[in-house]
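Read through the structure below, which is laid out as structure tokens, and then see the notes.
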Amino acid sequence: MCIYGIILILHLVSNYCGMNSLSFPVVHPSFQKLKHAGRLLHLTAGMLILVHAISHFQQPESSRIYLGCLLLMALDIFILVFAGKNILNDMPRVNLFFRLTEILFFLGIGITLLVEKQWLMGTVHLVLCSVYIYLFYCEKKAQSAEYVAIHHTGISVPGLPESKFFLWTHINGVDACYDSIRIETASSGSYEFDLRQNLAFEELDQIHEFCRHYLGAGR
């Protein structure tokens, strides 16, 4: 009953204010750094795969099929990095596919080395696998999470590894312009973002209306 009461109150408040929730795409610095670092991390994975292929070739009982697969995988990654650098941004699913391939490589090599009792190198590869899993999660999230959303309950801002939500009681102020927005919080400092496209006059006026209603005219 308590939950239904809260929902009813929020609905009444929404009707009273005459304002709908508002969301708009922003340029998040951390997301941009992650996208720019993606090529370097692909290159690192390709180099490690190539080193492993050379090491496998030097073994007396090396498998030509396995060696060919390693070389082909490394070649594909190098082509992606050097010849198709725009693909990583324009086709994020391709980027995620290669990232998943790198995860499987590090996982497989790590487990193989541990089975062969090469504890140090096996652990290193499993750690790399964990890092690339985290990277895969962040890159997948970065495809659709660069939005600031203003609701009647508070404001959500994008972030890694998770977005953050602040109640209006935890927000000290909002400074919105046509091309940027700055959100000052009581506990986590301030967040400033450039907008991917300029706000329309109605959208900017709606943000100011939210601030006047929940923060007061002087805030």
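Convert each backbone phi in the range 45-60 into a coupling constant with the Karplus relation 6.51 cos²θ - 1.76 cosθ + 1.60 (shift: θ = phi - 60°), then list the ³J(HN,Hα) values in order as whole Hz, x for Gly and Pro.
Ordered by residue, 3J(HN,Hα) equals 5, x, 5, 5, 5, 5, 4, 5, 5, 5, 5, 5, 5, 6, 7, x Hz.
So, for the range 62-217, what is the accessible surface per residue at a probe of 1.4 Å, expressed in square angstrom?
On the way: 8900 Å² over 156 residues.
Value for the range 62-217: 57 Å² per residue.
Non-local amide H neighbours of Lys164 (under 5 Å, H modeled in plane, Pro and chain starts lacking H): which ones?
Answer set, sorted by chain and number: Val157, Gly159.
Under the Karplus relation 6.51 cos²θ - 1.76 cosθ + 1.60, θ = phi - 60°, what is the ordered set of whole-Hz ³J(HN,Hα) values for the range 184-194, x standing for Gly and Pro?
9, 10, 7, 10, 10, x, 10, 10, 10, 9, 7
In the range 101-195, what percent of the accessible surface is made up of carbon and sulfur (1.4 Å probe, ligands and nucleic acids excluded)?
After summing per-atom areas, the C and S share lands at 62 percent.
What is the gain in length, in nm to one decimal, between Phe97 and Thr123 on full extension, counting 0.36 nm per residue of separation less the C-alpha to C-alpha distance?
Details: separation 26, 0.36 × 26 = 9.36 nm, distance 2.40 nm.
Additional length available on full extension: 7.0 nm.
Rounded, prolate or oblate: which one fits the range 158-219, using the alpha carbon gyration tensor with axes a ≥ b ≥ c (rounded when a/c is under 1.5, else prolate when a/b beats b/c, else oblate)?
Note, shape of the range 158-219 comes out oblate.
At a threshold of 8 angstrom on Cα-Cα distance, excluding pairs fewer than six apart, so keeping six or more, what relative contact order does the range 143-219 reach in percent?
Relative contact order of the range 143-219: 21 percent.
If I stretch the segment between Asn20 and Glu203 completely, what's the gain in nm (0.36 nm per residue apart, minus their alpha carbon distance), one decimal?
The span from Asn20 to Glu203 would gain 64.8 nm if fully extended.
Once a ≥ b ≥ c are taken as the square roots of the eigenvalues of the Cα gyration tensor of the range 110-212, is the result rounded (a/c under 1.5), prolate (a/b larger than b/c) or oblate (a/b not larger than b/c)?
Working: a/c = 4.45, a/b = 2.97, b/c = 1.50.
Prolate, since a/c reaches 1.5 and a/b exceeds b/c.
Rounded to the nearest 0.05, what FRET efficiency do Ser130 and Ser55 have when you use their Cβ-Cβ distance and R0 = 30 Å?
0.85
The values are calculated or read from the model by the stated rules, or taken from the named source; none is laboratory data. What you see is a predicted model; the values in this text were computed from it and never measured. When we count neighbours, we look across all protein chains shown, and the Cβ atoms used for this are built from the backbone with ideal geometry, even at glycine. These accessible areas exclude ligands, DNA and RNA; they are computed on the full protein's heavy atoms, side chains included. Shrake-Rupley method; radii C 1.70, N 1.55, O 1.52, S 1.80 Å.
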